[in-house]
Amino acid sequence: MRGLYFDGKAAELRLDLPMPQTEAHESLVRVSLAAICNTDREIMKGYKPDFIGVLGHEFVGVVEKSSDPKLVGKRVVGEINEGCGECVYCKTDRERHCERRRCIGIVNQDGCFAPYMTIATKSLHIVPDNVADEHAVFAEPLAAALEIPNLIQIRPSEEICVIGDGRLAYLIAQVLALGGAEVTVLGKHEEKLRLFESFAKTAKTCDRKFELVVDAAGSPSGFETAMSLVRSCGKIVLKSTYAGMASLNLSSVVANEVSVIGSRCGPFPPAVRLLERGLIELPPIELHFIEEWKKAFDSRAFKVGFDFRRD
Ligand SMILES: [Zn+2]
Ligand SMILES: [Zn+2]
C-alpha cells in the first residue's frame, strides 16, 4: 500500500507499506478524503519527535471491516484519540489525555494519508447522507472549535477576538458567532480575512480589548498578541499547537488576573449535527492525489487534502 510516511525526521511517499491489520476492537476504513492540518506540518518540523508512521488525522471514509457489523459499508469520520480504557483519565471522561493513548497520525498509530487505515470502532461516527465528503472531512477541526463552548461559558452578548485567519480560526469564529457573540478576527492576509466577513468583523490591527481572546494563530507569537488584547480578568483560550516555544511574561498574567485555558480536540457529535444542518460555511477543499503530496503541502489554498476515491 502507498502512504505518506514520517520516519521521525522527514516525510516520504512509500509504496511498500503493509495493508493495515485490524485488532479485535477496531475497524478497517477505506479513506475517501483526507485533509492536511497545521499539526501535520508541525510534526514534519519536529513537533512530535517520537512519532513514526503514516501521517494524517482528518478524514472521511467507508468502513470495510469492523468489530461492529452494523458499520460495514457506512460512511464515517473518526475521533483521533484512543485511550487505554483503564487509567484515571479514561475513567473520568478524559480519554484523550490518557498517558497510554494512541492518536491517529500523531501518537503510536498510523494515520489517514493512505488508502486504508485502522481505527478503534468506538471512535467512529456515521456521516449523514446529506453531508458531502468535502464537508465531512471538516468534522475533526470543527469538533476542536466546539471544544471552546464546551469548556467555558460564552454569553451571546460577549465580545470576542479570534487571532488567526487560517482554517481552524475560520471554524472557531463561526462556532462562536453562531451563539450570537460579536466576533472580531485579527489576521494578516487580506484574501483570507475576506472569507470571514459574513459572520465576523475582520482586522489586521486592533487597539481595543476583549473579554475573551482565542489564539488560533498557529505560531508562538499568538500568545503575546492575545495578552495585548485581553481585558483584565478576561480569558485567553489557546488553540494552537506548534513546534517551538512562546516566550511569555507570566507576571502580566498574574497582575491582570487573566485566565489562560489550553484546548485541543473536541466533541464529534455536535460537529456532525452542525454539518448535517448546514449551519457551517465551509471553504472549498483543493484536492490532490497522494503522489503529489509535496505540491499539496506547498499549496496556499485555504484547505488542502488528498483524494483516494479513484483507488
Ligand atoms: Zn488537525
Ligand atoms: Zn487510559
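The values are calculated or read from the model by the stated rules, or taken from the named source; none is laboratory data. As the structure is a computational prediction, the values presented were derived from the model and not from experiment. Methodologically, a virtual Cβ is constructed for each residue, glycine included, from the backbone with ideal geometry; neighbour enumeration extends over all protein chains shown.
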Residues (in contact with a helix residue (DSSP H, G or I) (Cβ under 7 Å, 6 or more places away or on another chain), hydrophobic (A, V, I, L, M, F, W, C) and free of Cβ contacts under 8 Å to residues at least 40 places away in the same chain) located in the range 68-87: Cys84
From Ala136, Ala120, residue being over 15 Å from Thr39 (Cα atoms) and within 16 Å of ligand 1 (Cβ to nearest atom): Ala136
Single match in Phe210, Phe268 (criterion: of a type in the set (Phe, Trp, Tyr), at pLDDT 95 or above and under 30 Å from Arg309 (Cα atoms)): Phe268
Members of the range 42-81 found to be of a type in the set (Asp, Glu), more than 22 Å from Pro18 (Cα to Cα) and within 16 Å of ligand 1 (Cβ to nearest atom), listed by number: Glu42, Glu79
Total residues in the range 230-260, condition at pLDDT 85 or above and under 30 Å from Met44 (Cβ atoms): 5
Subset of the range 279-311 that is of a type in the set (Lys, Arg) and out of contact with any strand residue (DSSP E or B) (no Cβ under 7 Å at 6 or more places or on another chain) - its residue that is nearest to Phe196 (Cα to Cα): Arg300
Test: residue in the range 88-97 that is in contact (Cβ under 8 Å) with a residue 12 or more places away in the chain and within 16 Å of ligand 1 (Cβ to nearest atom): yes
